[in-house]
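Throughout, read-outs are computed from the coordinates displayed, never taken from laboratory work. Given the structure is predicted, the values throughout are model-derived calculations rather than measurements. In this analysis, Cβ positions are derived from the backbone assuming ideal geometry, glycine residues included, and neighbour counts consider all displayed protein chains.
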Amino acid sequence: MRLVVEKLACRRGVRMLFQGLGFTLEAGRALIVTGPNGTGKSSLLRILAGLARPEAGVLRLEGAPEPNDFAEDVHYLGHLDAHKGALSAQENLAFWRAMLGRPALTVGEAMEAVGLGGLERLPVAVLSAGQKRRLALARLLVAERPLWLLDEPTTALDVAAQLRFAELARAHVAAGGLIVAATHAPLDFGPCDGLDLGAWRPARPVAERIDA
Amino acid sequence: MSRAFLALLARDLRLALRAGGGAGLGVVFFLAVVVVTPFAIGPDLALLARIGPAILWIGALLASLIGLDRLFSADAEDGALDVLAMGALPLELVAAAKGLAHWIATGLPLVVAAPVLALLLNLAPASIGALTLTLLVGTPAITFLGLIGAAFAAVFRRGGLLVAVLVMPLTIPVLIFAVAATSTALGGTVPFGTPFRILLGLSLAAMVLGPIAAAAALRVARD
């Protein structure tokens with residue numbers, strides 16, 4: 001499996017965030033996207049997840065059942081945790097496990113893996129920010145997806161939890177998975193490539209008018 | 001796919017029934033409208049019996065719209081909508097599952113409460129039967145038409161008013177034929193079946209078109 005991105009351009013309003021972006025990510029590798037705030041790291045991940053449309057360019061996941069429309073083969077973990085505060089941790093995770101399909105770990109195993117064992121019955125509203133984030137990471141484990149898109153995955157995590165998550169991510173990569181992660185924290189995801197989005201900023205950041 | 005549909009339905013029902021979920025709000029509003037009306041109109045039993053079905057339907061219509069503006073925006077705000085949109089379940093069915101859950105949590109209690117509340121408005125037994133039947137058939141139409149407004153509310157990130165303005169005009173035909181069907185029970189030349197069948201048709205059309213339109217609105221927001 002291979003993620004191929006060619007001549008990708010992203011526009012927010014009149015500003016061109018990046019253009020001509022291209023990379024290839026092989027199975028069993030992670031791509032760490034870096035760059036200053038506002039260079040389009042989150043926008044890139046949303047485009048890869050199929051949640052936003054690129055201004056131009058092609059993306060495909062070679063080896064997926066539908067190489068050009070591969071949202072169903074992707075885990076997207078954005079800034080938001082996608083939990084319901086009124087439901088318990090276990091209910092939230094069990095819902096995503098049933099909803100996403102292609103189940104992998106059970107709810108109990110996934111919660112154990114992220115270090116939340118014993119908190120299953122607590123409503124998510126009373127969990128701490130770090131615990132909520134861990135529960136969001138557990139969502140990656142309950143459904144099987146080859147490509148993980150992670151937007152600042154370790155926000156609010158303590159050092160031990162960061163190391164624990166890096167270990168899970170390395171296991172995913174070692175099993176032939178792919179990871180694209182936007183992060184400021186130095187994380188060891190195993191064999192990885194780097195992408196500095198700051199270098200892809202167009203010389204003229206304001207988009208040209210098409211009708212001119 | 002049906003597993004995902006049922007999972008979403010179960011989650012939304014559970015959320016609605018939990019504290020602060022708002023399942024009871026519609027019924028309380030409905031109750032308030034119906035209880036206050038006889039005091040406002042006065043002790044004219046004949047008048048109450050004549051306008052009772054209309055009052056009950058107006059109450060049910062407004063009560064059905066309560067909470068609709070949060071239907072998709074809650075999921076949009078906590079990021080769940082992004083994850084839902086990427087799954088194998090098409091957005092149309094996501095919308096349908098959420099609409100169905102909303103109807104079971106707010107519409108169905110109205111249908112159950114209506115026969116009891118109808119007594120307060122001096123409705124004849126035949127009228128009560130006809131009214132309950134039209135509510136059972138008509139409230140899903142309102143909820144599923146409301147999905148369109150709910151989707152727009154999530155897209156524009158503000159929406160209480162938007163839902164009312166967008167959805168109310170669409171629900172007028174439902175209101176007209178539902179009240180017409182109920183009043184045939186009091187006599188007249190038109191049989192009950194005529195307006196009732198149109199109401200059924202409106203309801204079925206809304207159940208199909210509502211989720212499709214809502215999904216289209218949610219997709220536009222992503223581009």
Helix B:25-41 axis, angle to chain B major axis (alpha carbon atoms, nearest 10°): 30
Exposed trypsin sites (Lys or Arg not before Pro) absent - longest run of chain A, DSSP non-H/G/I/E/B, at most 15 other C-beta within 10 Å: A:1-120
Between helix B:160-184 and chain B: long-axis angle, C-alpha atoms, 0 to 90°, nearest 10: 40
Spherically averaged projected area in nm², based on the convex hull that wraps the Cα atoms of the protein assembly as shown: 24.4
Given charges at Cβ of Lys, Arg, Asp, Glu: segment A:2-91 dipole, positive-most of A:17, A:90, A:30: A:17
Percentage relative contact order, chain A, counting C-alpha pairs under 8 Å, at least six apart: 31
Per-residue ³J(HN,Hα) for segment B:58-72, Karplus 6.51 cos²θ - 1.76 cosθ + 1.60, θ = phi - 60°, Hz, x for Gly and Pro: 4, x, 5, 4, 5, 5, 5, 7, 5, x, 5, 5, 8, 4, 9
Rel. contact order, % - alpha carbon contacts under 8 angstrom, at least six apart, chain B: 26
Estimated 222 nm signal from helices in the protein assembly as shown, with DSSP H stretches of n ≥ 4 weighted -39500 (n - 2.57), rounded to 500: -18000 deg cm²/dmol
About the Cα centre, charge dipole magnitude for the protein assembly as shown (Lys/Arg +1, Asp/Glu -1 at Cβ), debye: 480
Long-range amide H partners of residue A:75 with built H, under 5 Å: A:147, A:148, A:149
Net dipole in debye of chain B [+1 Lys, Arg Cβ; -1 Asp, Glu Cβ; about Cα centre; nearest 20]: 160
Alpha-carbon centroids, segment B:189-223 and segment A:12-73: separation in whole Å: 38
Rounded to 10°, Cα long-axis angle of helix B:91-102 versus longest principal axis of chain B: 40
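Magnitude of the Cβ-charge dipole of segment A:65-177, K/R +1 and D/E -1, about the Cα centre, nearest 20 debye? Can you show the working numbers first?
Numbers: 11 positive and 14 negative charges, 66 e Å.
Once rounded to the nearest 20, the dipole reads 320 debye.
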Qualifying trypsin sites (Lys or Arg not before Pro) in segment B:109-202, DSSP loop, other Cβ atoms within 10 Å at most 11: B:157, B:158
Among beta bridges that DSSP assigns inside the protein assembly as shown, antiparallel share in %, nearest 5: 45
